[in-house]
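For reference, the structure discussed in these notes is given below.
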Amino acid sequence: MKYLYCLFVAVATTVSACSSKAEEPETVHESLPAWQEGYMDIHHIATGRGDAILAILPDGTTWLQDAGDCGPSWYSTGQGCPVLPNSSKSVGEWIADYVKHFTAGTPSAGELDYAWLTHFHGDHIGTADNALNGDKGYKLTGITMVGDRVKIHKLVDRAWPDYNIPTEELCKREFYLYGEYKKFTDWQTANNGMEMERFEVGAENQFKMVHNPGAWPDFSVRNLCGNGYVWTGTGTSTEKMYTDASKLDENMYSCGVVIQYGKFRYWNCGDIPGCNWPDYASQERTFETPVSKVCGPVTVMKLDHHGTFDTTSEECLGNLRPKAMIALSSHIRQPYKDQVARMMDENIYPGERELYVTTDCSRNELGDLFSYFKPAGHIVVRVYEGGTKWQMFVLDSKTADCDVIYKSDIKTL
Ligand SMILES: [Zn+2]
């Protein structure tokens, strides 16, 4: 029990007493109903310091996308969000605890069948400047902390094994954790059975269920983009989205996927950009447009680049038409005002849509626009058997109890 992130025990009735809140005896705490075979749960873990997304696939295969810890110095003073639920543990430790708690009761209990990294920025993999010392020769932050605490069977990144995409110099230019990351992957592959793979743009079989895939044939993960390439929509062929590699920044290499389960579809493309912006070296930044075009409409969208100013373009929203959008926020302006206004604009695409955000630290910057969001916290997308019904949950991230603080109606596709 020492690894339990949340101090309640999930029960079939969906309601359980919370042992951590003995001082509040009248309060009934509702926990997330336990995962069951056939469910697909996608947890957007609210850490305040970057992206970490845990998916439990229909057969119980476990899959972690990114494990960021941008540290206190990544943003200007006062612009970063606090660590959630509190700073008594590092972000990587909180992520590891969360993974252990929510994978309990699955065939992969306490372990990750896959971990993968969209790109090499600190808010997606961890930073060296606040890393802790470990006992295996590598420092602990973000993904290296998670991998130290949770067994990872396979780790996928965009440039293994040579880290030379598009060149070694350009690959490592913003890969500040490279030295510690390499020590981590070398130790884990040599001593703990971890496999490494490069993300294959265009593939539909790189992330396969490992326990009982035959039971859920309507499930797939398509690798849509990565390293500046986009899937063409035919076979596994790809095409380039840029002309001058020397001007690309790390966000532009972001890898992205669409997960399909029955009629349900989920978009997650890391930090790919969608709008030009004079401050950047490359003005070939409309990557969202070709990627969203080949993807087509989705049910739920994880906002690209945290809903920052160079993303969430009209073209992208018009192609994806999401019914729910999720911002992973670690900065006072994530997501940005213009992006939120665009997300709510029914001239871009008609119909209802719901907005979710992992932290409330953009409340002041967004002003009245913040009222469009459901309560901030861990955001869980639950897709029911066969992928015809889905539901959204928000779990409390400000204490370590993960109570349900919001749930949507169950929606039919
Ligand atoms: Zn990011």
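The values are calculated or read from the model by the stated rules, or taken from the named source; none is laboratory data. The model shown is predicted, which means the values in this text are computed figures rather than measured ones. Methodologically, a virtual Cβ is constructed for each residue, glycine included, from the backbone with ideal geometry; neighbour enumeration extends over all protein chains shown. Side chains are part of the model used for accessible areas, which takes the heavy atoms of the whole protein and leaves out ligands, DNA and RNA. Shrake-Rupley method; radii C 1.70, N 1.55, O 1.52, S 1.80 Å.
Worth a mention:
- Taking the DSSP beta bridges with both ends in the chain, the antiparallel portion is around 65 percent.
- Residue pairs exceeding 27 angstrom between C-alpha atoms, taken from Lys302/Lys411; Lys208/Lys293; Lys263/Lys337; Lys208/Lys263; Lys374/Lys411; Lys208/Lys389: Lys263/Lys337.
- Candidates Gly142, Gly126, Gly386: whichever shows maximal mean-square fluctuation once the chain is modelled as a Gaussian network with Cα springs under 10 Å: Gly386
- Residues of the range 241-266 with amide N under 18 Å of the 7 Å Cα→Cβ point at Asn212: 262
- When each of the peptides 127-136, 170-179, 268-277 is scored by the mean number of other C-beta atoms lying within 10 Å of its residues, the order from highest to lowest reads 268-277, 170-179, 127-136.
- Segment Tyr372-Trp160, extension gain: residue separation times 0.36 nm, minus the distance between their alpha carbons: 72.3 nm
- Glu315 - accessible surface, heavy atoms, 1.4 Å probe, Å² rounded to 10: 100 Å²
- Accessible area ranking (1.4 Å probe, heavy atoms, ligands and nucleic acids excluded), largest first, for Thr299, Thr77: Thr77, Thr299.
- At the listed q of 0.09 Å⁻¹, the Debye profile of the range 291-413, built from one uniform point per Cα, gives log10 I(q)/I(0) equal to -0.24.
- Pairs over the 29 Å Cα-Cα cut-off, from the set Lys139/Lys398; Lys182/Lys407; Lys240/Lys407; Lys139/Lys247: Lys182/Lys407; Lys240/Lys407; Lys139/Lys247.
- Rel. contact order, % - alpha carbon contacts under 8 angstrom, at least six apart, the range 37-412: 16 percent
- For the range 26-94 and the range 342-366, distance of Cα centres in Å: 21 Å
- Euclidean distance between Cα centres, the range 166-209 to the range 378-412, Å: 31 Å
- Reported value for the chain: 139 Å³ per residue, from the convex hull of its C-alpha atoms.
- Simple spin-label estimate for Lys411 and Glu315 in nanometres, 7 Å along Cα-Cβ: 2.6 nm
- The range 208-246 residues near the modelled Asn276 label - backbone nitrogen below 15 Å, point 7 Å along Cα→Cβ: 242-244
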